[in-house]
Amino acid sequence: MNTETEKAPKQIRVFPLADPQDWVKHKDAIKKTILAAINPQLPGFLNVKYSFSIDPVSNWIRYNLENDLWSEKPKRSLPKSAFEATQAAKKFISDLQKQCLGKDYLKLEIPPVLPTESLAKIEHLATSPVFHFNKPWVDHWLCRFQIRIEAFPKSGIFNRIFDSCIDIRIGQNGKVVNIVSQWRPVWLNKKKQVEFIPFPEENEHSHAEDHDHDTSDQDDPKPELIYELDGENCPQNFLSPFHLILAGHHGGSWPASTHSIVTRMSFIEKETGGSYVLPVINGGSTDYTINWAYWCPDTLFDEGLIFLGDKKFIELSPGVYNLMMHVKDNKTTAVRLFENMAYVNGSLQTLNA
């Protein structure tokens, strides 16, 4: 059995997300908070020009100091090393966390822009120089971070959160010139204890059997317990855990809690042409509402998005589709959006002709 499940914990943490509109509604206050941590007044800039946005679905935050990024003049006062640039980025993170703990931000009653609680850690991944796209000099430094979280109480083990990337670009005098944060408004202080689902032993046995005659079996990856933030256009209301294997014949993810859902689609061809599309859902309570929609590349501008409603399965005629399946667990309220590009063939008789 893998070491993750040897102690067989009974419960694991999940974390609710705030309504995305909470951050959108307070966009100006969040911008003010971030600018207070950045202090973007650079020498020589009488009018600081910047752009700032918050995605209405994912709440990804983007900030760009237009005066400094991709300047046509050489940068005379960039940090001289990756260490200096990283320290500048870390200072910004620390200052932003302090701003989010201030009374003005706390009055908003929304999650902090970056985690401030002790059960989360912001981990530095890499720092590298970025050369100007058409000039022979370094334009700025790119510092990349991700967030880890403590899944089990008092464990002291912090698990990766997939797609929690925070990119901070450092320009002249160690100032922040660009931010792209994929962190979402997660209520870490409103954590819930739910049932932990260990990685199924049969998957491990099957994985081992596939490599009975392979001397590289010792190098096979074990499942890693991770949390996951969904993509930019995907709704999400819980930060939930999953078991992840990134290599081998059984690569993929499995639910690690009662609030974790893994989805995909199954296609069954019809002899007369077209296909049935069925949901394949692993995890949750099994009490689901499934809503379907699609768009076709050749008719998108004329027909737009086609909503099919709540169905157990759908039927498609031959064609090319971008399918969307929205799954809601009616018991836990967890949601998952799955998208898949499908090429639906004509009749089997035609294909075999």
Original post:
What do you get for Rg/Rh of the chain when both radii come from the Cα atoms and Rh is the Kirkwood radius?
Top reply: 1.02
Subject >> Euclidean distance of C-alpha centroids, segment 262-279 and segment 294-347, integer Å >> reply: 11 Å
Subject >> For Val177, residues with placed amide H under 5 Å, excluding near neighbours >> reply: Arg169, Ile170, Gly171
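What's the FRET efficiency of Asp95 with Lys311 using the Cβ-Cβ distance as r and R₀ = 51 Å, to the nearest 0.05? Mind showing how you got there, number by number?
Details: r = 50 Å, r/R0 = 0.98.
My answer for the efficiency is 0.55.
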Original post:
Okay, helix-only estimate at 222 nm for the chain: each DSSP H run of n ≥ 4 adds -39500 (n - 2.57), divide by all residues, round to 500 deg cm²/dmol; what do you get?
Top reply: -4500 deg cm²/dmol
Subject >> Pairwise FRET efficiency - Thr272 versus Glu109, Cβ, R0 = 45 Å, nearest 0.05 >> reply: 0.20
Original post:
Say each of Thr333 and Asp55 gets a label point 7 Å from the Cα, pointing the same way as Cα to Cβ; how far apart are those two points in nm?
Top reply: 2.3 nm
Original post:
Each residue of segment 267-274 in order: what ³J(HN,Hα) in whole Hz does its phi give by Karplus 6.51 cos²θ - 1.76 cosθ + 1.60, θ = phi - 60°, with x for Gly and Pro?
Top reply: 10, 10, 6, 9, 4, 8, x, x
Original post:
Amide H neighbours of Asn237 under 5 Å, counting only residues 5+ apart in sequence or on other chains, H built in-plane at 1.01 Å?
Top reply: Val335
Original post:
From the backbone phi of segment 278-283, what are the Karplus-calculated ³J(HN,Hα) couplings (6.51 cos²θ - 1.76 cosθ + 1.60, θ = phi - 60°) in whole Hz, Gly and Pro given as x?
Top reply: 10, x, 10, 10, 10, x
Original post:
Rounded to the nearest whole Å², what accessible area per residue is found for segment 229-353 with the 1.4 Å probe?
Top reply: 52 Å²
Subject >> Cross-link pairs Lys311/Lys331; Lys103/Lys191; Lys49/Lys175 - those with Cα-Cα distance over 20 Å >> reply: Lys103/Lys191
Original post:
Gain in length, Lys10 to Arg264, computed as 0.36 nm per residue apart minus the alpha-carbon separation, to one decimal in nm?
Top reply: 88.7 nm
Subject >> Extension reserve of the Ile157-Val180 stretch, reckoned as 0.36 nm per residue once the Cα distance is removed >> reply: 5.6 nm
Subject >> Relative contact order computed over the chain (Cα-Cα under 8 Å; 6+ residues apart), in percent >> reply: 16 percent
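The values are calculated or read from the model by the stated rules, or taken from the named source; none is laboratory data. None of the values given here were measured: they were computed from a predicted structure. FYI the Cβ positions are ideal-geometry reconstructions off the backbone, even for glycines, and counts take in every protein chain you see. The area values use the complete protein model at the heavy-atom level, side chains included, leaving out ligands, DNA and RNA. Shrake-Rupley method; radii C 1.70, N 1.55, O 1.52, S 1.80 Å.
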